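The values are calculated or read from the model by the stated rules, or taken from the named source; none is laboratory data. Note that the structure is predicted; figures quoted are calculated from it, not measured. Every residue, glycine as well, gets a Cβ built from its backbone with ideal geometry; the counts of neighbours run over all protein chains shown.
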Amino acid sequence: MVQRHEDAARTAVNLAPSENVLSPLARLPFVLDMYGRYFFDDLPKYGVHAFFGGLEPGEVETGILEPLLRRMSKAAHVNVKALSGLSCMTLALAALADRGEKVLCVPPDCGGHASTLPLGERLGLRMGVLPMDGPYEVDIDRLESVLADDPPALIYIDQSTQLFPLDPRLLRGLVDALGLHTLIHYDSSHVNGLILGGAMANPLDSGAHVYGGSTHKTLPGPHKGFLATNDAAIAERIDAAAAVLISQHQPAAVVSLAVTLLEMLKCGGQAYAQNILTNARSLARRLADGGLKVAGASRGHTACHQVWVDPVSGYAALDITARLQESGVRVNRFGALPGIPNPAFRLSVAELTRYGATEDEVGMLADVLIGVMVGGDSPKAGRAAVQELRSRLTQIRYCFTAPDLERAGLDECLLDLVRRIELVQPAAERV
């Protein structure tokens, strides 16, 4: 089964918005001793360590990862304890609101994460939703009445399904105008790669008090999470909650995330982030030109990595999913998307871009999708086209490679492991 999975992964085109691929060097920590070790930053608090097997990965956390993240997130304080996006959500909700306090989030039918409401309720929070003006915007006039009537402790912007990321600026302006102490947290799980790559506005510059989330979507890192803020008091609340909610926070993933951020900084992360936006808009436009119903047409289809496709009448989403899967295209089928009441597709070009796709390859992909979805192409014909496309996208880009590491003087044993990883997951040497 493992071999079958690897064979399929090497020949498929993956368009799932929640997924991406690690670089060979970022994969390395997961096959090293550190994977099974613990690290607690006990020294500042207790003056002595209790666990010693993870001290070196701990030095990476405090000496490399956290400074890198502070620099790239433009935040004075960061916390990297979260294990995943949902772990990060739990930490943020627990830290930023107390039991019995009101929290507003994005309605699930407008792209809010499905777990936010039930998770908040389990934490004893009074959960409500932001009033929306259509599927993409907050109704500011109605929100003013909601805030005045029952001021929340927290507004949690939790778009996991989005074409046009919400701007915290209007919300912050309203909160400040009303003289409220409401905090605004921007869950950036899906767009961290765009933010840290400079292709999308930093939420802290746009009115959010805190932002962060998972690190494995547009940010092509391990399954981990972070929170970032410029407010020292908020940072203390986050650290205090993390000390209770999270114990072992995975040294291998910590080191892998440090590698990913370093690669974003040194290996073209800004170009990667910008190319995601270019490719997403190109895919949406080409699909629409080919007769598919692509959401958000009046606003340019998308302002992030996601593209939503509503099946053309007469074509069942489940049947299309099966045909695409047989063709070698992995899609994310949703029961409903904001503004689309029937089953539809939430696609992403992040992983495709990670493999170096340009608008040429996006055009090839669009032809496959159009042909299989509405053009009557057989899955066999689709697979042949996918294989031609995949033959052009065999190596991960925007990362360090074995030759880079050899020139940097990496230990020969570790270098050999990277080379072996590259046999399974090749990486393109930078020019």
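Data overview
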{"quantity": "Those residues of region 376-431 which are of a type in the set (Gly, Ala, Ser), surrounded by fewer than 17 Cβ atoms within 10 Å (Cβ to Cβ) and not in a loop (DSSP other than H, G, I, E, B), in sequence order", "calculated": "381, 384"}
{"quantity": "Matching option when the condition is touching a residue at least 24 places away in the same chain (Cβ under 8 Å) and more than 27 Å from residue 365 (Cα to Cα), among 416, 404, 411", "calculated": "404"}
{"quantity": "Looking only at region 209-240, and only at residues there that are over 10 Å from the mean Cα position of the chain (by Cα) and polar (S, T, N, Q), the one that is nearest to residue 80 (Cα to Cα)", "calculated": "229"}
{"quantity": "Only one of 84, 23 that is under 19 Å from the mean Cα position of the chain (by Cα), touching a residue at least 12 places away in the same chain (Cβ under 8 Å) and outside the structural domain of residue 245 (by TED's automatic domain parsing)", "calculated": "23"}
{"quantity": "Counted residues, region 94-112 - those being crowded, with 18+ Cβ neighbours inside 10 Å and either within 10 Å of residue 153 (Cβ to Cβ) or assigned by TED's automatic domain parsing to the domain that holds residue 296 (or both)", "calculated": "5"}
{"quantity": "Residue check, residue 46 surrounded by fewer than 14 Cβ atoms within 10 Å (Cβ to Cβ), farther than 20 Å from residue 350 by Cβ and among the hydroxyl-bearing types (Ser, Thr, Tyr)", "calculated": "yes"}
{"quantity": "Check on residue 24, modelled with pLDDT of 90 or more and surrounded by 13 or more Cβ atoms within 10 Å (Cβ to Cβ)", "calculated": "yes"}
{"quantity": "Considering residues of region 415-430 that are closer than 18 Å to residue 9 by Cα and of a type in the set (D, E, K, R) only, the residue farthest from the chain's Cα centre (by Cα)", "calculated": "420"}
{"quantity": "Conditions (1) aromatic (Phe, Trp, Tyr); (2) in a loop (DSSP other than H, G, I, E, B); (3) under 30 Å from residue 264 (Cα atoms); number of the one not met by residue 315", "calculated": "(3)"}
{"quantity": "Test: residue in region 85-98 that is among the polar types (S, T, N, Q) and farther than 30 Å from residue 299 by Cβ", "calculated": "yes"}
{"quantity": "Single unsatisfied condition, residue 134 versus (1) closer than 30 Å to residue 299 by Cα; (2) at pLDDT 95 or above", "calculated": "(2)"}
{"quantity": "Residues of region 42-63 classified as within 22 Å of residue 262 (Cα to Cα) and in a loop (DSSP other than H, G, I, E, B), total", "calculated": "1"}
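Residue-wise test of (1) more than 20 Å from residue 189 (Cα to Cα); (2) in a strand (DSSP E or B).
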{"residue": "319", "(1), (2)": "yes, no"}
{"residue": "322", "(1), (2)": "yes, no"}
{"residue": "326", "(1), (2)": "yes, no"}
{"residue": "345", "(1), (2)": "no, yes"}
{"residue": "351", "(1), (2)": "no, no"}
{"residue": "356", "(1), (2)": "yes, no"}
{"residue": "360", "(1), (2)": "yes, no"}
